[in-house]
Amino acid sequence: VSLLIRHARVVTLAQGRRPRRGAEARNLSVLDDADVLVEGEQIAAVGPGGTLKAPGGGSVLHAEGRVLMPALVDCHTHACWAGDWSHRLDEWSQKLAGKPYLEILAGGGGIMASVQAVRRSTVESLRDSLAERLMGMLRQGTLSVEVKSGYGLSERAELKMLEAIEQAGRVFPGTVRATALLGHALDEGEPGGAEEFVNGVIRRTLGSVHARYPGICVDAFCERGAWSVEDCCRLFEAAQQLGHPVRVHADQFNALGMLERAVKMCADSVDHLEATPTQDLARLARSDTFGVFLPVCGLHLDNRYGHARAFADAGGAGCVATNCNPGSAPSGSMPLAIALGVRKLGLSPEEAITWATVNPATLLRLHDRGTIQPGQRADLLLLKHRDERALAFAMGEEHSEAVIGAGRLLHPPRAGLHARA
Ligand code: NIG
């Protein structure tokens with residue numbers, strides 16, 4: 001089955017090393033008028049507009065100068081939780097009345113409220129609500145989504161979440177990358193308290209997760225009232241010995257020294273970074289560890305944003321992601337994260353697009369996507385716009401003219417598609 005997309009403005013992102021840093025992150029390698037031929041699941045050819053021909057029986061999509069770009073990649077979400085958006089609205093009312101996020105967590109709410117709800121849920125209900133959320137993301141142009149566990153905490157509930165994420169990934173026409181967020185909070189209710197809980201995660205839960213999901217990325221939330229630097233490092237050392245890559249939530253509210261340790265441990269990424277001092281961002285920028293910025297969190301919680309501009313200027317490998325979750329970032333919209341990346345993180349629209357496509361694809365080890373060139377998986381987003389900067393400019397608007405996943409038109413069902421004679 002072939003699909004020819006004709007006369008598009010193609011944001012190829014085809015030039016440069018992966019991940020893109022510095023000036024390379026600002027170069028989208030745009031072809032002003034080009035055709036893209038998709039055969040099966042892959043891009044077969046890219047050529048000047050009006051020159052490529054689809055083999056008989058294929059379909060044609062007339063882009064008419066609209067922007068064709070790699071589908072968006074969301075590399076940090078907590079999109080698997082029990083229930084819908086109303087799940088923690090009482091907590092939001094408390095926040096609006098001035099109660100800080102960490103205080104709500106310390107009082108047994110926040111992440112712990114989601115933990116209680118997940119423990120009461122079935123795999124099937126978690127799978128179904130995640131699958132619905134993923135389809136909402138797809139309609140906005142996101143086809144590759146990282147989804148963390150972390151609202152289970154106990155061995156049983158973490159495995160339940162990972163099972164739900166795996167099952168949702170099987171029905172999602174895009175790609176789901178699961179992450180085992182084993183250190184998301186401290187379960188004080190465990191016999192032996194927080195200390196025994198941490199030991200249990202490292203001794204038992206990690207082993208069970210390893211047996212069922214070898215090589216899955218392991219994550220933790222390093223913060224006052226959550227996991228300490230030392231406990232994160234113990235978890236990560238044990239995980240790395242078993243062959244798992246690691247990522248860490250660090251410096252969201254307090255810079256505790258985790259960033260330096262994460263860089264030394266060759267973590268895949270340090271995520272959040274709202275409270276990171278500039279010299280630490282420079283250290284991260286010089287390393288192979290990605291910096292993942294989550295501006296929806298600042299918009300929703302407290303108007304604090306990471307200094308992504310300083311990180312980018314220091315040559316860092318950056319990503320922007322939604323952080324979609326029912327507490328700190330209630331949105332699965334990558335276009336919103338991109339729009340905030342420009343307005344609140346200080347990125348240019350071009351950098352924000354690079355940080356939402358090729359860079360997160362590289363972080364997630366999805367090397368077959370994030371650029372438009374022959375041989376790449378045909379995960380494509382046709383924008384309604386004729387200038388890619390409009391993706392960052394227009395907020396809360398519909399951007400997707402068509403979303404194509406592995407060569408198949410996924411949204412909307414038949415967007416301007418013409419069967420060939
Ligand atoms: O990345 N900060 C830790 N974890 C999530 C929030 C999870 C929640 O509040 O449910 C985050 O912001």
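The residues in region 79-130 that are surrounded by fewer than 16 Cβ atoms within 10 Å (Cβ to Cβ) and either near the ligand (Cβ under 9 Å from one of its atoms) or hydroxyl-bearing (Ser, Thr, Tyr) (or both) can be counted, and the count is 4. Of the numbered criteria (1) more than 21 Å from ASP219 (Cβ to Cβ); (2) more than 12 Å from the ligand (Cβ to nearest atom), the one THR289 fails is (1).
Is it true that some residue in region 249-264 is within 23 Å of ASN199 (Cβ to Cβ), within 12 Å of the ligand (Cβ to nearest atom) and not in a helix (DSSP H, G or I)? Looking through region 249-264, at least one residue is within 23 Å of ASN199 (Cβ to Cβ), within 12 Å of the ligand (Cβ to nearest atom) and not in a helix (DSSP H, G or I). Any residue at all in region 302-311 that is out of contact with any Ser or Thr (no Cβ under 9 Å at 6 or more places or on another chain), free of Cβ contacts under 8 Å to residues at least 24 places away in the same chain and farther than 17 Å from GLY110 by Cα? Checking region 302-311: at least one residue is out of contact with any Ser or Thr (no Cβ under 9 Å at 6 or more places or on another chain), free of Cβ contacts under 8 Å to residues at least 24 places away in the same chain and farther than 17 Å from GLY110 by Cα. Taking the conditions (1) part of a helix (DSSP H, G or I); (2) free of Cβ contacts under 8 Å to residues at least 24 places away in the same chain in turn, PRO191 satisfies each one other than (1).
Candidates in region 210-243 are the residues that are crowded, with 24+ Cβ neighbours inside 10 Å and more than 16 Å from the ligand (Cβ to nearest atom); of these, the one that is farthest from LYS160 (Cα to Cα) is PHE236. The residues of region 310-336 that are over 24 Å from LYS99 (Cβ atoms), within 14 Å of the ligand (Cβ to nearest atom) and either more than 15 Å from the chain's Cα centre (by Cα) or not in a loop (DSSP other than H, G, I, E, B) (or both), listed by number, are CYS319, VAL320.
Values quoted throughout were computed directly from the atomic coordinates according to the rules given, and no laboratory measurement underlies them. Given the structure is predicted, the values throughout are model-derived calculations rather than measurements. FYI the Cβ positions are ideal-geometry reconstructions off the backbone, even for glycines, and counts take in every protein chain you see.
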